[in-house]
Amino acid sequence: MVIEVLIASSIITVAILAATAVSQKSVYVSRQAFHATQASFLLEEGAENARIARDNAWSNIIALNSYEQIGIFTRTVITSSVNRDNSTKDIITSGGTLDAGTKLFTVTVSWPEGGTTIIKTLQFYITDIFS
């Protein structure tokens, strides 16, 4: 009788511990997904800010580099010059001719998650379409 009670209580204890571990993991994964969604919105917002600045005046683009702390998130926006191949006019990483009417934007959002830092990046080009 004592052995049966001991076995039953062991089985119940293991079941409770397993349920607790599963619920902890699901909370962690849910929080991770929530933060990733927030980061996606912050990336898009950074891109939209660049488009609005371009639409207001191309001269706004030059001073658009920024660093922001938004809750647990850090967002940086970096504007880079663009060079084009002299013959094909394709964008190239070195050499060529500076294209003053095109800029490369890099928006980065990072945040701490489970002892590490998660980083999401969005790169895109903006062209002066109003000149």
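Filter the range 19-66 down to the residues that are more than 18 Å from the chain's Cα centre (by Cα), modelled with pLDDT of 90 or more, part of a helix (DSSP H, G or I) and of a type in the set (A, V, I, L, M, F, W, C) and list them by number.
Answer for the range 19-66, where residues must be more than 18 Å from the chain's Cα centre (by Cα), modelled with pLDDT of 90 or more, part of a helix (DSSP H, G or I) and of a type in the set (A, V, I, L, M, F, W, C): I52, A53.
Just for the range 71-103: of the residues that are among the charged types (D, E, K, R) and in contact with a Lys or Arg (Cβ under 9 Å, 6 or more places away or on another chain), which one is nearest to F124 (Cα to Cα)?
It comes out as K103.
Based on this model, can you work out whether S40 counts as of a type in the set (S, T, N, Q), closer than 24 Å to G115 by Cβ and surrounded by fewer than 17 Cβ atoms within 10 Å (Cβ to Cβ)?
Against the criterion (of a type in the set (S, T, N, Q), closer than 24 Å to G115 by Cβ and surrounded by fewer than 17 Cβ atoms within 10 Å (Cβ to Cβ)), S40 qualifies.
Cβ-Cβ distance below 8 Å, separation of 6 or more or different chains: which pairs start in the range 35-47 with a residue that is within 15 Å of Y67 (Cβ to Cβ) and end on one that is part of a helix (DSSP H, G or I)?
none
Which one is nearest to A47 (Cα to Cα), of the residues in the range 67-107 that are in a loop (DSSP other than H, G, I, E, B) and of a type in the set (D, E, K, R)?
By that ranking, first place goes to D90.
The values are calculated or read from the model by the stated rules, or taken from the named source; none is laboratory data. Owing to the predicted nature of the structure, the values given are computational and were not obtained by experimental measurement. Note: ideal-geometry Cβ built from the backbone for every residue, glycine included; neighbour counts use all protein chains shown.
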